[in-house]
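A short worksheet on the structure shown next.
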Amino acid sequence: GVGIRAALRQEGNNGSIVCEMEFSNLAPAPLQALAIKFNVNAFGLMPVSPQIAFPSPVPQGGSATHVLPLTLSPAMVAPGAPPTLQLQTAVKNMTTGHVFYFAIPLDLTVLFAGSGQTDRAGFIPAWKAIDDSLEVSANVSYLPPSSSSPDGVIQKLGAHRVAFVARRPVPGTAGQESVYFSAVTMTSPPVHVLLEITLQAGVPQAKVAVRTQAQALAPLVLAAVEGVLRK
């Protein structure tokens, strides 16, 4: 009897993570209070408080919004669990006692910190320290014009706390340029991510290469970067 829409985002300049939620009451009884719980996950995300109390009861056919503050807790990290881009969630209607389950999609860039990225001097040693065989890459086609130039890509990724490090023309290839980025997660311990994005002038396509010591995270980083470029 309850419909839920939810998404994670960062709020403010202090790196606070919140889950923005919209509830629709589909049942005859007014919706007054809920309790929410995340399953253990690879990042340790959990609600600061499990209680969701609405300022006034939500009648049948009505809706309400709630911003749920989240935190990162080592106790919530699932040992050895492969990271996924979904948070398994349980919600209990405190009036009826009914419990229902769903998954909240996770945009990995929500976990990127606004500081602590690898600088220009440290980028090359860090890149070379990760074996070539551990690199994860993909060609991303049909990009919008805003993602088809180095300046556009730098601006887009910067808005998601992915720091620009350097750029250089690709030797022996006219109009082709590689741009380098780094990011670091707010998890404990933090994970450093290195990116190389290669663009060809006038071509709506990019090659994205990801290197990180947390190898299981590399495909998720690749998916997150592709999602940003396609916006």
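The values are calculated or read from the model by the stated rules, or taken from the named source; none is laboratory data. Here the structure is a predicted model, which is why all the values come from computation and not from measurement. Here the Cβ is made from the backbone with ideal geometry for all residues, glycine too, and neighbour counts use every protein chain on show. Quick note on the areas: whole protein, heavy atoms, side chains included, nothing else; ligands and nucleic acids left out. Shrake-Rupley method; radii C 1.70, N 1.55, O 1.52, S 1.80 Å.
Every listed requirement among (1) within 13 Å of the chain's Cα centre (by Cα); (2) open to solvent by less than 10 Å² (accessible area, probe 1.4 Å); (3) of a type outside the set (Ser, Thr, Tyr) is met by Gly227 save one, (2).
Over 29 Å from Val40 (Cα atoms), among the hydroxyl-bearing types (Ser, Thr, Tyr) and open to solvent by less than 60 Å² (accessible area, probe 1.4 Å): which single residue out of Thr185, Thr109, Thr198 fits that description? Let's see the steps before the verdict.
Values: Thr185 fails: over 29 Å from Val40 (Cα atoms); Thr109 fails: over 29 Å from Val40 (Cα atoms).
Unique residue meeting the criteria: Thr198.
Taken over the stretch 39-58, the criterion of being closer than 25 Å to Ser24 by Cβ and of a type outside the set (A, V, I, L, M) is satisfied by Asn39, Pro47, Ser49, Pro50, Gln51, Phe54, Pro55, Ser56, Pro57.
Of all the residues in the stretch 191-231, those that are charged (D, E, K, R) and not in a strand (DSSP E or B) number 3.
Modelled with pLDDT of 90 or more and open to solvent by 40 Å² or more (accessible area, probe 1.4 Å): does that describe Val67? I'd like the intermediate steps shown before the answer.
Numbers: modelled with pLDDT of 90 or more: yes; open to solvent by 40 Å² or more (accessible area, probe 1.4 Å): yes.
So Val67 fits the description; yes.
Close contacts from the stretch 4-31, counting a first residue that is in contact (Cβ under 8 Å) with a residue 40 or more places away in the chain and at positive phi and a second that is open to solvent by 30 Å² or more (accessible area, probe 1.4 Å) and not in a strand (DSSP E or B), with Cβ to Cβ under 8 Å and a gap of 6+ residues or different chains, come to Gly15/Gly114; Gly15/Met186. Pairing each residue of the stretch 59-84 that is more than 30 Å from Leu26 (Cβ to Cβ) with any residue that is assigned to a loop (DSSP other than H, G, I, E, B) and open to solvent by 50 Å² or more (accessible area, probe 1.4 Å), provided the two are 6+ apart or on different chains, yields C-beta distances under 6 Å for Thr71/Val48; Pro74/Ser188; Met76/Val40; Ala78/Val40.
Within the stretch 41-64, the set of residues being surrounded by fewer than 16 Cβ atoms within 10 Å (Cβ to Cβ) and within 16 Å of Gly3 (Cβ to Cβ) comprises Pro59, Gln60, Gly61, Gly62, Ser63. For residues that are open to solvent by 50 Å² or more (accessible area, probe 1.4 Å) and outside any loop (DSSP other than H, G, I, E, B), scanning just the stretch 26-40, find the one that is farthest from Leu68 (Cα to Cα). Top of the filtered list is Gln32.
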